[in-house]
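Input: a single structure, listed below in structure tokens.
The values are calculated or read from the model by the stated rules, or taken from the named source; none is laboratory data. Quick caveat: nothing in here was measured; it's all calculated off a predicted structure. So basically every Cβ, Gly included, is an ideal-geometry build from the backbone, and we count neighbours across all protein chains shown. Side chains are part of the model used for accessible areas, which takes the heavy atoms of the whole protein and leaves out ligands, DNA and RNA. Shrake-Rupley method; radii C 1.70, N 1.55, O 1.52, S 1.80 Å.
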Amino acid sequence: MSETKRGLVLEGGAMRGLFSAGVIDVFMENGIEFDGAIGTSAGATFGCNIKSRQIGRAIRYNKRFSKDPRYCSIRSLIFTGDLYNADFCYRRLPDELDVFDYETYRKNPMEFWCCCSDVDTGNSVYKKLETCDAKDLTWMRASASMPLASKVVEIDGYRLLDGGITDSIPVKYFESIGYNRNVVILTQPREFVKEASGALGLMKLLLRKYPAIVKAVENRHNVYNETTKYIFEKADKGEMFVICPESPLGISRTEKDPEELQRVYEEGRRTAMKNLENLKKFLNF
């Protein structure tokens, strides 16, 4: 009989990701642990705090800096090419302003992965982040580099953008590397059906140098809908566990209102608590 490997899979969605942050904080408070976790975009940037065991960090720094132009601003987009300022978000913030616990992250045996999109091939690239050092943080930044709001990130011979373009919910990849008892946190309700992007024309123009990624953008909604269908079919059979909002979160991807950020975070906490006992049974805790 194969070994049970408990996996946590985190969808992105920019500030919708604070729903997931609320969920994983409840997990940490209740001793729910996993052998590995994988996140796409905000699923990676917020989700990494589960490996460093920092309850409340994601909501804390987002509320503190949401209106700070150094964190996210049109000015940053104009002058650096990134709406979310790379130096501020991936150096000053974790190193100085809301310090990331690198030591705990490294000592925690749980694996942590992120998913990015290769603009040259249009395929997903998955990276295990073992130390959360500067290179790992660059991979994480690539995973969260939204098209139109970020420049292409070059690292380790790749040119990368937001993992959500090619694999918003990387559960099949986690299954492929042996994770067979998976909990999936979605940031959209069960009945959500993704439609083709309304900004497709603009993305085609701005990404015209990368025809493979343009093709992936065109097909993104189909891949997403096929993945959620797969997830819920497995969940209905008891082979996967899904936590998602009961209704649309109604928050902007770049929301700056601290009260709105807190609201979505609290919705994640409430949903996690509602599912906690059934989750423990699923994971055999």
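A search for C-beta distances below 6 Å between a residue of region 274-285 that is farther than 15 Å from ASP25 by Cβ and any residue that is at pLDDT 95 or above, counting only pairs 6+ apart in sequence or on different chains, returns PHE282/PHE241; LEU283/ARG6. Where helices (runs of 4 or more DSSP H) fall entirely within region 58-149, those with at least 3 residues that are in contact (Cβ under 8 Å) with a residue 24 or more places away in the chain are at 102-107, 134-143.
I'd like the residue in region 218-245 that is part of a helix (DSSP H, G or I), among the hydrophobic types (A, V, I, L, M, F, W, C) and open to solvent by less than 30 Å² (accessible area, probe 1.4 Å) and, out of all such residues, is farthest from ASP162 (Cα to Cα). Per the criteria, the residue is ALA235.
Taking region 169-190, which residues are in contact with a strand residue (DSSP E or B) (Cβ under 6 Å, 6 or more places away or on another chain), open to solvent by 20 Å² or more (accessible area, probe 1.4 Å) and either basic (Lys, Arg) or part of a strand (DSSP E or B) (or both)? Across region 169-190, the qualifying residue is only ARG181. Scanning region 150-168 for residues that are assigned to a loop (DSSP other than H, G, I, E, B) and within 17 Å of CYS72 (Cβ to Cβ), we see that the one that is most open to solvent (accessible area, probe 1.4 Å) is LYS151. Taking every residue in region 180-200 that is touching a residue at least 40 places away in the same chain (Cβ under 8 Å) and pairing it with any residue that is surrounded by 14 or more Cβ atoms within 10 Å (Cβ to Cβ) and acidic (Asp, Glu), at least 6 positions away or on another chain, the pairs with Cβ-Cβ distances below 8 Å are ASN182/GLU175; VAL184/GLU11; ILE185/GLU11; LEU186/GLU11; THR187/GLU11; GLN188/GLU11. Filtered by the rule that a residue be surrounded by 23 or more Cβ atoms within 10 Å (Cβ to Cβ), over 18 Å from VAL214 (Cβ atoms) and not charged (D, E, K, R), region 114-128 gives CYS114, CYS115.
Restricting attention to region 196-217 and to residues that are open to solvent by 70 Å² or more (accessible area, probe 1.4 Å) and not in a loop (DSSP other than H, G, I, E, B), the residue that is nearest to ASN123 (Cα to Cα) turns out to be LYS215. Within region 62-110, being within 23 Å of GLU33 (Cβ to Cβ), of a type outside the set (A, V, I, L, M, F, W, C) and open to solvent by less than 50 Å² (accessible area, probe 1.4 Å) holds for PRO94, TYR102, THR104, TYR105, ASN108.
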